[in-house]
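Visitor: My questions will all concern the structure given below.
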Amino acid sequence: MLIRHRCQFFLVFCENGQVRDFKQGILAATAGVMLVCGLVWTIGCEVPAQPKPLNELNKHELLGRTVFQGRCGVCHNDRKAEALHGPALVGVFKKPALPSGAAATDERVTATIHNGHGLMPPLGDTVDPEDLQDLLAYLHTL
Ligand code: HEC
């Protein structure tokens with residue numbers, strides 16, 4: 001009776017052992033995946049693209065900054081990530097998409113300026129075309 005009991009115990013142990021190995025395998029694989037993801041995430045976060053230093057801006061970019069300060073700065077931050085009335089525009093062209101999810105392209109940003117977007121009022125044609133080019137040049141340095 002006792003012997004049979006022990007055999008049964010041994011069998012159960014063997015089976016459990018296999019289950020345990022399997023579980024450990026899954027656990028190790030999960031840990032591995034998490035480690036790799038964590039690493040990618042950390043590296044991705046540790047090196048945020050910095051705006052081009054002000055003293056390195058060319059003439060057009062500097063003019064664009066003045067346009068920004070006159071037309072956008074009241075609602076948008078350009079060199080820091082905090083939102084104002086609208087989202088911060090730091091890194092606007094370096095990110096894969098605009099806050100709305102639209103592609104971060106010159107065309108789309110120009111359309112946003114002309115037509116407005118949600119709570120952002122349309123500026124229509126009140127931005128001089130040359131100023132607009134300078135503004136876009138500046139936004140690309142952020
Ligand atoms: C009166 C305030 C105001 C001004 C001035 C303003 N914006 Fe905005 N802007 C906003 C707000 C608010 C939003 C967010 C709109 C929303 O999602 O409802 C926004 C959104 C945006 C977006 C994101 C659009 C998207 O698709 O996610 C861009 C780009 C932008 N503005 C650029 C500019 C530029 C460049 C200027 C200057 C020419 C400017 N804005 C002037 C308030 C303003």
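We did not get these values from a lab; they are worked out from the coordinates using the rules stated. All values derive from a computational prediction rather than experimental measurement. Using ideal geometry, Cβ is built from the backbone for each residue, glycine included, and neighbour counts are taken over all protein chains shown.
Visitor: If I take R0 = 22 Å and measure r between the Cβ atoms of residue 140 and residue 56 in this structure, what FRET efficiency does the formula 1/(1 + (r/R0)^6) give, to the nearest 0.05?
Guide: Details: r = 13 Å, r/R0 = 0.59.
FRET efficiency, residue 140 to residue 56: 0.95.
Visitor: Next question. Any idea how far apart residue 123 and residue 106 come out in nm if each label point goes 7 Å out from Cα toward Cβ?
Guide: 1.6
Visitor: Hey, what do the phi angles of the range 130-142 turn into as Karplus ³J(HN,Hα) couplings, whole Hz, using 6.51/-1.76/1.60 and θ = phi - 60°, x for Gly and Pro?
Guide: Values per residue, Gly and Pro as x: 5, 4, 4, 4, 5, 4, 4, 4, 5, 4, 5, 8, 7 Hz.
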